[in-house]
1. Where is the GNM fluctuation largest for the chain (alpha-carbon springs, 10 angstrom cutoff): Asp12, Asp34, Asp21?
2. Subtract the Cα-Cα distance of Thr71 and Leu86 from 0.36 nm times their separation in residues, and report this length gain in nm to one decimal.
3. Quick one: net charge around Phe70, please, counting Lys, Arg +1 and Asp, Glu -1 for every other residue with C-beta under 14 Å from its C-beta.
4. Place a label point 7 angstrom from the Cα of Asn30 along the Cα-to-Cβ direction, then list the residues of segment 46-65 whose backbone nitrogen is under 11 Å away.
Amino acid sequence: MPYLTCAPIVEDIISYLIDLDGQVTESPPNIIGDGSKRLWMDLTNVSTGEHIVIVRAKNLWGTSEPSEPFTFSKNLPSTPSGLGLLDS
């Protein structure tokens, strides 16, 4: 499964605000074994095509500046061609 993630941080992050193609969702941080936190968003159900993501971290004081836009593309495999029979 593909996940959207970020570098771990040790600050007191409450959540991440994820703007995926203009639709903002809030996601709790994923806590790693050393106590640091990171973004960890499952992208399994994202639609096929190009996507733009901008993320902000949130703590009890407010939200961070937005990240630089991150672009990615979900592409399906090509259709098999050249089908035939092989006599072994």
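FYI, it's all coordinate maths here, none of it is from the lab. Source: prediction; values computed, not measured. Note that each Cβ is placed from the backbone with ideal geometry, even for glycine, and that neighbours are counted across all protein chains shown.
1. Asp34
2. 1.1 nm
3. Local charge sum for Phe70: -2.
4. Hits in segment 46-65 for Asn30 at 11 Å: none.
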